[in-house]
Amino acid sequence: MAFIYTAMPKGMKDLLFPSLITCLDGPHLFSTQSPSLSAGKNTPPPFDCLHFSWYNRYTTKGNDAPSNVHPYELCLGNSKTNAWQMLPYPSRDMAEYGQLFDRLTQAFQDVFVWIGSMLQVHLPEAEYEALAQVAESLPGNTVSAVEPFISVEKGCRQPQ
């Protein structure tokens with residue numbers, strides 16, 4: 001799903017890049033680089049990318065499961081359902097770069113709330129509720145910082 005909304009309040013928009021710089025401990029990570037054509041290289045240098053996401057990779061489908069049996073008690077042949085595979089789990093980057101994740105979610109909290117409110121206004125109610133239901137059902141009473149989503153990918157470029 002893509003949702004493009006260009007009417008972000010100016011004050012909020014003006015703080016996006018400075019907030020990102022603050023979270024990353026300064027502007028030294030941002031520089032304009034072009035490929036070195038003289039060295040015969042046509043590709044720009046690699047960059048780091050962190051994924052702060054919740055994954056639910058190995059779920060089972062219960063399309064034909066009886067409604068009066070708890071999923072943990074279901075058996076298929078001689079094997080029981082592996083309940084652990086039903087639990088969403090955080091990405092490795094969330095654990096390894098937890099402090100950065102915390103700083104980013106704190107710095108962009110107002111932005112995430114604003115995006116959620118815009119989605120709630122513009123999406124059909126059933127679609128928004130489906131998104132929110134997934135974000136509200138994370139294990140261990142974890143709350144998604146980017147509700148109604150469980151992950152976020154942001155592209156950022158330095159202002160001209």
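The values are calculated or read from the model by the stated rules, or taken from the named source; none is laboratory data. Please read all numbers here as calculations on a predicted model, not as lab measurements. Heads up: the accessible areas ignore ligands, DNA and RNA and are worked out on the full protein's heavy atoms, side chains in. Shrake-Rupley method; radii C 1.70, N 1.55, O 1.52, S 1.80 Å.
Compared with the direct C-alpha span, the chain from Leu50 to Leu100 gains 17.0 nm at full extension, assuming 0.36 nm per residue.
Counting only heavy atoms of the protein chains and using a 1.4 Å probe, Ser67 has close to 120 Å² of accessible surface.
Database remark: amide H of Tyr55 closer than 5 angstrom to the amide H of Tyr89, Ser91 (H placed geometrically; neighbours at sequence offset of 5 or more, or on other chains; Pro and chain starts carry no H).
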